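The values are calculated or read from the model by the stated rules, or taken from the named source; none is laboratory data. A quick note: this is a predicted structure, and the numbers were derived from the prediction, not measured. All Cβ positions, glycine included, derive from the backbone under ideal geometry; neighbour counts span all protein chains shown. In case anyone asks, the SASA skips ligands and DNA or RNA and just uses the protein heavy atoms, side chains included. Shrake-Rupley method; radii C 1.70, N 1.55, O 1.52, S 1.80 Å.
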Amino acid sequence: MSAETTRRVVLFRHAKAEWSDADDHERPLTDRGRKDAPTAGRRLAGSGINPELALCSTATRCREAWKPAAAELPQRPRSVYDDRIYEASLGELISVLNETSDEIEDLLVVGHNPGLHALADALAGESDGDLLPRLNRSGFPTSAIAVLTFDGSWKSVEHGVGRLVAFWAPHA
């Protein structure tokens, strides 16, 4: 596979989670979150994108959102639960992408705001139609999905290299 292959990164923000005084990492999904997660999975399945690898935050809300979303896909990707995605900054998320093997064409990241919103905005040097303004107006709500494409190696991912080709949120 050439380093000039067109690649896709799918950013999936976890579904709606409970607010409590408990440890933030352990917050579970709300009833709405448990309904929205499979809806997001069906939306992804309908897009025709079949990620080979899913990198998921270890936070309870991400794991609880990913499991029913992944069940909606025609082929479940290999899933890796990565502590670095929890509370990751933009720079940390780019570093995670840079470590991805070039054997992977389509990668999915299940994570949190503000990191995922910052990542989508930073990578999108271009966008189809009004997708980038819509993404920025919405603030990348829970269960939202953004799809960006770029040419080249994962090691070359940096600000402005991508094109935002899809953005969807169940309540936006």
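Take the conditions part of a strand (DSSP E or B), touching a helix residue (DSSP H, G or I) at 6+ places or on another chain (Cβ under 7 Å) and not charged (D, E, K, R) and apply them to Val96. Does it pass?
Working: part of a strand (DSSP E or B): no; touching a helix residue (DSSP H, G or I) at 6+ places or on another chain (Cβ under 7 Å): yes; not charged (D, E, K, R): yes.
Spelling it out, it is not the case that Val96 is part of a strand (DSSP E or B), touching a helix residue (DSSP H, G or I) at 6+ places or on another chain (Cβ under 7 Å) and not charged (D, E, K, R).
A search for C-beta distances below 7 Å between a residue of the stretch 66-80 that is on the phi < 0 side of the Ramachandran plot and any residue that is of a type in the set (Ser, Thr, Tyr) and assigned to a helix (DSSP H, G or I), counting only pairs 6+ apart in sequence or on different chains, returns nothing. The set of residues from the stretch 62-79 being open to solvent by 10 Å² or more (accessible area, probe 1.4 Å), closer than 21 Å to Pro141 by Cα and either modelled with pLDDT under 95 or part of a helix (DSSP H, G or I) (or both) comprises Arg63, Glu64, Lys67, Pro68. Of the residues Ser89, Ser95, the single one that is free of Cβ contacts under 8 Å to residues at least 12 places away in the same chain and more than 25 Å from Gly48 (Cβ to Cβ) is Ser95. Among the residues of the stretch 95-114, those that are farther than 14 Å from Phe12 by Cβ and surrounded by fewer than 18 Cβ atoms within 10 Å (Cβ to Cβ) comprise Ser95, Asn98, Glu99, Ser101, Asp102, Glu103, Glu105, Pro114.
The residue of the stretch 18-44 that is most open to solvent (accessible area, probe 1.4 Å), among those that are in contact (Cβ under 8 Å) with a residue 40 or more places away in the chain and within 15 Å of His171 (Cβ to Cβ), is Arg43.
Are any of the residues in the stretch 45-55 out of contact with any strand residue (DSSP E or B) (no Cβ under 9 Å at 6 or more places or on another chain), in a helix (DSSP H, G or I) and surrounded by 14 or more Cβ atoms within 10 Å (Cβ to Cβ)? Show your work before the answer.
Keep residues of the stretch 45-55 that are out of contact with any strand residue (DSSP E or B) (no Cβ under 9 Å at 6 or more places or on another chain), which gives 45-46, 48.
If we keep only those that are in a helix (DSSP H, G or I) as well, we get 45-46.
After this cut, where a residue has to be surrounded by 14 or more Cβ atoms within 10 Å (Cβ to Cβ) as well, the list is 45.
Checked the stretch 45-55: at least one residue is out of contact with any strand residue (DSSP E or B) (no Cβ under 9 Å at 6 or more places or on another chain), in a helix (DSSP H, G or I) and surrounded by 14 or more Cβ atoms within 10 Å (Cβ to Cβ).
Scanning the stretch 29-62 for residues that are more than 23 Å from Asp106 (Cα to Cα) and aliphatic (A, V, I, L, M) gives a single hit, Leu29. Asp21 fulfils the conditions (1) of a type in the set (D, E, K, R); (2) closer than 22 Å to Leu119 by Cα; (3) not in a helix (DSSP H, G or I) except for a single criterion, (2).
Kindly indicate whether Asp106 is under 26 Å from Gly152 (Cα atoms), over 15 Å from the mean Cα position of the chain (by Cα) and touching a residue at least 60 places away in the same chain (Cβ under 8 Å).
Values: under 26 Å from Gly152 (Cα atoms): yes; over 15 Å from the mean Cα position of the chain (by Cα): no; touching a residue at least 60 places away in the same chain (Cβ under 8 Å): yes.
So Asp106 fails the test.
For the stretch 121-164, a residue qualifies if it is aliphatic (A, V, I, L, M) and in contact (Cβ under 8 Å) with a residue 60 or more places away in the chain, and the qualifying residues are Leu123, Ala144, Ile145, Ala146, Val147, Leu148, Val157.
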